[in-house]
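One structure is given here, and the rest of the page talks about it.
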Amino acid sequence: MARSLLSRLILSLAAGEILALALSQYLQIPYAKAMVATAILAIVALASFVLSLRPLTELFLNLSTALKAGNKPSDLLLKELGELGNALAVAWERWEKTFAELKEERVLLTAILERMAEGVIAADEHGNVLLINSAAAQMFRLPLDWSNRRVTELALPFGLLELVQRTIKLGTPQFGEVQLLHPEERFLDAYATPLIADGKRIGVLLVARDLTELKRLERIRRDFVANVSHELRTPIATLRSLTEALLMGGKDDPEVRDKFLQAIADEAERMGKLLDNLLELARLEAGRREWRWQNVSVSDCVAQVAERFKPFAERKGLKLTVRTEPDLTVRTDPEALAQILSNLLDNAVKYTERGEIAVVAERLETADGVWVAVHVRDTGIGIPPEHLPRIFERFYRVDKARSRQQGGFGLGLSIAKHLAESLGGKITVQSEVGKGSIFTVWLPLSKLE
Ligand code: ADP
């Protein structure tokens, strides 16, 4: 455009000179006058040329306004721009396609990153944060607005920062396990690796996986094996010493023999009970227990179980009372319900020395549903508050010696809890040391069939 203007100008100047010469010759006037006349003519010509340029300037103005606003120039404008307009339309279409592809890729990448359970943090080679996914934000309680921040400002655990720094320094992936103590104990498995694009190091990527739950399960499994071995070791040692004593002459004394044989039978029974409990728990945890869902009268079930425990309670001088609302029918597995109530009543009798055990069944409405609640209340030793959150764990006992002496393994409540949850309900507990405990089984009151 500029070049054509210039050539036009040169041409006009040359033409002006020739015109001035011709005028001075033809009109017989001095050359200077002819030049003035030519200049006037040129100004008139230039003015008309500039005026003819105005629509073009306007077109460019409109074009730049549209482009600056990020809008596609209108079809009319593109058409008016002729060849340039065509080129712009093609370029615009190509750009739009590339932009849509990039956007799609970005949406996909974001979706993948946000769905990941692993925490991901990326930073450039100067340590400026490029990206943090929500798992990382949650894991490390990071601020939502992390743009313009450096990794070192993120208050990440020291072990992770060290991994990042080592990766930046050495340029190779670094792995490590990090233990966090605040706000709660957590174990992380993390690795940092250089970010490479087009063969160039452009930053560092940190990926952290929360292993806390895995470690917890591992610990439970280890504890479980240790607990079972421990539970079996005592009766086996007792059996061994009793049989040895019998073999070494005890069998010849009828009184000793009968006493020892009874002790052997008791220990064997105890071991059988432990195995039954373990098998029940294993079946429940593996989801292999068969359920027989029926319409069950809670009052009948409670009455039957209570009847079985009356002799034990009376032997300890305890009063056992039952009070149930009429027509309490739920859809449940009667055997499972009876087992839950047995475990609770067994404990109530075991851990109560005087007073009374009361079983009350009623219909209750709470914020989360309509239930039949069966309360097993005792006036026993109670449970210290710090133990309450753990008493439903396998093998957990407040007083190991006392529980063992009473024939317990610390499995009754965990089985009861499993059963209640499988029936769609739950078990809750309230307790006060020295006053007693109330265990409540909540059964959902759903439609009967
Ligand atoms: P255990 O076989 O030891 O009774 P459970 O799983 O039934 O095992 O109970 C776990 C622990 O909870 C018991 O060892 C006991 O310390 C405590 N506990 C359960 N029920 C009661 C209760 N009614 N009164 C006092 N303590 C109880």
Subject >> Backbone HN-Hα couplings from phi across segment 208-217 [Karplus 6.51/-1.76/1.60, Hz, Gly and Pro as x] >> reply: 10, 10, 7, 9, 4, 5, 4, 5, 4, 5
Original post:
Going by alpha carbons, how many degrees (0 to 90, nearest 10) lie between the helix axis of 334-350 and the longest principal axis of the chain?
Top reply: 60
Subject >> the chain: calculated mean residue ellipticity at 222 nm from DSSP helix runs of at least 4, using -39500 (n - 2.57) >> reply: -18500 deg cm²/dmol
**OP:** Collect residues whose amide H, placed 1.01 Å from N in the peptide plane, falls under 5 Å from the amide H of residue 320; neighbours closer than 5 in sequence don't count.
**Re:** 357
Original post:
Gain in length, residue 265 to residue 293, computed as 0.36 nm per residue apart minus the alpha-carbon separation, to one decimal in nm?
Top reply: 6.4 nm
Original post:
Which lysines does residue 273 reach when only Cα atoms under 20 Å apart count, and residues fewer than 8 places away in its own chain are ignored?
Top reply: 350, 400, 417
Subject >> Most to least packed among 396-406, 338-348, 85-95 [average Cβ atoms within 10 Å] >> reply: 338-348, 396-406, 85-95
Original post:
According to a simple spin-label model (label point 7 Å from Cα along Cα-to-Cβ), what is the distance in nm between residue 126 and residue 245?
Top reply: 8.3
Subject >> Table column - 3J(HN,Hα) (Hz), segment 258-274, Karplus curve with 6.51, -1.76, 1.60, x for Gly and Pro >> reply: 4, 5, 5, 5, 5, 5, 5, 4, 5, 5, 4, 5, 4, 5, x, 5, 4
Original post:
Counting other C-beta atoms within 10 Å, which of 68, 251 has the fewest, and how do the rest follow?
Top reply: 68, 251
**OP:** Choose one of 206, 73, 164: the residue whose Cα lies farthest towards the positive end of the charge dipole of the chain (beta-carbon charges +1 Lys, Arg; -1 Asp, Glu; about the Cα centre).
**Re:** 73
**OP:** Report, by chain and number, residues whose modeled amide H sits under 5 Å from the one on residue 296, excluding near sequence neighbours (fewer than 5 apart, same chain).
**Re:** 330, 331, 332
**OP:** Please order 212, 332 by the number of other Cβ within 10 Å, starting at the fewest.
**Re:** 212, 332
**OP:** Give, rounded to the nearest 20 debye, the magnitude of the charge dipole that the chain has about its Cα centre when Lys and Arg contribute +1 at Cβ and Asp and Glu contribute -1 at Cβ.
**Re:** 800
**OP:** Please work out the C-alpha center-to-center distance from segment 112-155 to segment 88-108 and express it in whole Å.
**Re:** 28
Subject >> Positive-end residue of 249, 195, 183, charge dipole of the chain with Cβ unit charges >> reply: 195
Subject >> Over segment 336-414, relative contact order from alpha-carbon pairs under 8 Å, at least 6 apart, % >> reply: 26
Original post:
Can you run phi through the Karplus equation (6.51, -1.76, 1.60; θ = phi - 60°) for segment 402-410 and list ³J(HN,Hα) in whole Hz, with x for Gly and Pro?
Top reply: 5, 4, 4, 4, 8, x, x, 10, x
Subject >> Relative contact order %, segment 159-313, counting alpha carbon pairs below 8 Å whose residues are six or more apart >> reply: 12
Original post:
Relative contact order for the chain: what is it in percent, counting Cα pairs under 8 Å that are at least 6 residues apart?
Top reply: 8
**OP:** May I ask you to give the average projected area over all directions of the convex hull of the Cα atoms of segment 214-358, in nm² rounded to one decimal?
**Re:** 12.8
Original post:
What residues qualify as long-range amide H neighbours of residue 150, i.e. H under 5 Å apart, gap of 5 or more or another chain, H built at 1.01 Å from N?
Top reply: 129
Original post:
How far apart, in nm, are the 7 Å Cα→Cβ label points at residue 308 and residue 276?
Top reply: 0.8
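Go through 133-139, 262-268 and give me the packing order, highest mean Cβ count within 10 Å leading.
The packing order, highest mean first, is 133-139, 262-268.
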Subject >> Packing-based ranking, highest mean first, of 229-240, 185-196 given that Cβ atoms within 10 Å are counted >> reply: 185-196, 229-240
**OP:** Starting from the Cα of residue 228, step 7 Å toward the Cβ, then list every residue of segment 253-273 with an amide N under 15 Å from that point.
**Re:** 271-273
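Just so you know, all these numbers are worked out from the coordinates, no wet-lab data involved. Since we're looking at a predicted model, the values are computed, not measured. Methodologically, a virtual Cβ is constructed for each residue, glycine included, from the backbone with ideal geometry; neighbour enumeration extends over all protein chains shown.
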